[in-house]
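Reviewing the structure listed below.
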Amino acid sequence: MFEQTFKNIDDILHKDAGCGSELDYIEQTSWVLFLKYLDDLERDKATHASLSGKNYQQLLLPEYQWNHWAMPKGADKKLDHHKALTGDDLKDFVDLKLFPYLKGFKQRAESADTIEYKIGEIFSELKNKVQSGYNLREVINRIDELRFRTHAEKHEMSHLYEAKIQNMGNAGRNGGEYYTPRPLIRTIVKVVAPSIGDKIYDGAVGSAGFLCEAYDYLLHSKGKVENLTTAERETLQKRSFYGKEKKSLAYIIGIMNMILHGVEAPNIIHTNTLAENLADVQEKDRYDVVLANPPFGGKERAEVQQNFPIKTGETASLFLQHFVKLLRAGGRAGVVIKNTFLSNTDNASIALRKLLLENCDLHTVLDLPGGTFTGAGVKTVVLFFEKGRPTKKVWFYQLNLDRNLGKGNPLNEKDLADFVELQRTKPDSENSWSISREDIDETTYDLSAKNPNKKEVAACARHRLFLRR
């Protein structure tokens, strides 16, 4: 149901003069989808309150509720075409009344950790780009067919919303920064293994994939969702997930993605993370867990570099310094970075590797094959580390697959199962090996992922071939 509806909406938006790309399609689908989701959420809360003998105060005034402006229905529960706005009337209402009203929630909300405040933030950043009120009426009609009442419906919808975000990521370079393959994220979350009560942070939050997967992991950490206490659920809702994002569209998509996954008021801030001076970070600003894939290849201005002890224009290297600083002692991290970080010979890269080895236990490096990130021509590694004690030994795992990864043949969780299993005990194998701290060159701190066991296997194969001859 959801998949076909999304396809139909894309077809409608493709015809509209105001929507020119996948980025526009998801942005415009998102705000309508969000308002329908909000309506179903309100109904669930009203029903729950009624069963408890309480009154429920609706968030929105009656004229701005879904069943009034979007889908007024008659006694037959079908759209009342006499009351339903369409064409210019619908577009004018949305642009001149609905959006300004929803934007105003930011000023009216009691605090930033409420869904009211997030509604205000979302509609402060967005604008309706659908130029035809008739196309907008068609989109609304399609989205009204969707239901978000049961857990299964919400799960299916959030899964397909993720698929739309992936398409957005493949639509252009700007979108590509927002999407990390979900099998990789789930694997990183498993290895880092956050607990309920941990403050989990992503300073390059994008579409919030890491935070959504961490939420799902913790939601099912006791088997069934029902096994969590009320206090634990409240902790997951309000005091567990934190993010920062610089780009407007990614910020909005990230907030909506988290709300659609079940976190009503995500603690995501629209800001340039790297503008924060690390010298100003206090203990209260720190986190228990960092999960992130900072953007590759960006260049930061000189004034931004002044916020960091190790000066470099490379965005990912600045983010890594930021993450190390914002982890509390004993905090754990899983961070994706270009594999050239392990061996670059510039002064900043050497200093950063030294910082990581001296201030943290860099216990695991996962070396990923080319094609892991669709459309990105870079190879990446995942750094797993714990802050507060120096590295004694680094365990490397090289993911060697018997196929080439690409859009039609993406990474899956089965590909990573051997890594997850071996990482618990960190043995040597055909794909894994360890390097002691004493064996790392203290002039370069080179951490190149060179698999010594792979060479031995190849040498043995040549030896067997020689003997057969």
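The values are calculated or read from the model by the stated rules, or taken from the named source; none is laboratory data. All figures in this text were calculated on a predicted structure; none of them were measured in a lab. Reconstructed Cβ throughout: ideal geometry from the backbone, glycine too, with neighbour counts over all protein chains shown.
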Cβ pairs under 7 Å, 6+ apart, first in segment 6-17 and of a type in the set (Lys, Arg), second part of a helix (DSSP H, G or I) and buried (at least 20 other Cβ atoms within 10 Å of the Cβ): Lys15/Asn135
The lone exception for Asn141 - which of (1) touching a strand residue (DSSP E or B) at 6+ places or on another chain (Cβ under 8 Å); (2) buried (at least 20 other Cβ atoms within 10 Å of the Cβ) it fails: (2)
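So which helices (runs of 4 or more DSSP H) are wholly in segment 1-97 and hold at least 3 residues that are among the aliphatic types (A, V, I, L, M) and surrounded by 12 or more Cβ atoms within 10 Å (Cβ to Cβ)?
2-14, 22-51
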Those residues of segment 106-140 which are in a helix (DSSP H, G or I), more than 25 Å from the chain's Cα centre (by Cα) and either at pLDDT below 95 or not charged (D, E, K, R) (or both), in sequence order: Gln107, Arg108, Gly133, Tyr134, Asn135, Leu136, Val139, Ile140
Val290, sole failed condition from (1) free of Cβ contacts under 8 Å to residues at least 60 places away in the same chain; (2) touching a Phe, Trp or Tyr at 6+ places or on another chain (Cβ under 9 Å): (1)
Index of the failed condition, Lys36 passing every other in (1) closer than 25 Å to Gly104 by Cα; (2) touching a Ser or Thr at 6+ places or on another chain (Cβ under 8 Å); (3) in contact (Cβ under 8 Å) with a residue 60 or more places away in the chain; (4) not small (Gly, Ala, Ser): (2)
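Suppose the filter is in the same structural domain as Ala417 (by TED's automatic domain parsing), touching a helix residue (DSSP H, G or I) at 6+ places or on another chain (Cβ under 9 Å) and of a type in the set (D, E, K, R); does Arg239 pass it?
no
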Set Asn67, Asn55, Asn8: member being in the same structural domain as Lys97 (by TED's automatic domain parsing) and more than 32 Å from the chain's Cα centre (by Cα): Asn55
Candidates Gln4, Gln28 - the one that is of a type in the set (S, T, N, Q) and touching a helix residue (DSSP H, G or I) at 6+ places or on another chain (Cβ under 7 Å): Gln28
Test: residue in segment 352-370 that is under 24 Å from the mean Cα position of the chain (by Cα) and hydroxyl-bearing (Ser, Thr, Tyr): yes
Positions within segment 398-448 being part of a helix (DSSP H, G or I), closer than 23 Å to Lys190 by Cα and without any contact (Cβ under 8 Å) to a residue 12 or more places away in the chain, in sequence order: Lys414, Ala417, Glu421
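Check every one of the strands (runs of 3 or more DSSP E) wholly within segment 295-397 and list those with 3 or more residues that are surrounded by fewer than 18 Cβ atoms within 10 Å (Cβ to Cβ) and either at pLDDT 95 or above or among the basic types (Lys, Arg) (or both).
327-338
So which residues in segment 101-125 are polar (S, T, N, Q) and more than 14 Å from His270 (Cβ to Cβ), if there are any at all?
Gln107, Ser111, Thr114
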